[in-house]
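Notes follow once the structure below has been shown.
Please treat every number below as a calculation from the coordinates, not as lab data. Everything numeric here is computed off the predicted structure, so don't read it as measured data.
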Amino acid sequence: MPTKILDDYAKKMRDAENESHEGKRKAESLWPIMRISHARSRYIYELYYKREAISKELYDWLLKQEYADPALIAKWKKTGYEKLCCIRCIQSRDMNYQGSTCICRVPKAQVRTGTVVECVHCGCRGCSSDS
Ligand SMILES: [Zn+2]
Ligand SMILES: [Zn+2]
């Protein structure tokens, strides 16, 4: 297990947390943190499920240490959610815009030209499996 990579993620996370939030919208200041935690979950997910490079024990340990988000990983295993950016995108209580789907979940072909695709939760620019 390349722990160096986990250390790098931890460092990036600290930097993002310490960054000044001045001039940013409230949600926006969380985007860098959301992106890093997404990338780290993705990394661990791929190590275990795609590359089979780590043992089940290690994988479970990593989840327990909160290096990866088990809720998000559970979604990635489902068809249509392979690229889901963040769990909040599919939590209905936050869905008071664009009907019931976060704009970033809408397939590119269905997004009207000129529409800004940007997840309010994490800044995702589109994570539909069809695009
Ligand atoms: Zn998204
Ligand atoms: Zn999102």
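Worth pointing out:
- For segment 3-77, Kirkwood radius (reciprocal of mean inverse C-alpha pair distance, Å): 13.3 Å
- Calculated diffusion of the chain, Stokes-Einstein form, Kirkwood radius summed over Cα pairs, 4 °C and 1.567 mPa s, µm²/s: 81 µm²/s
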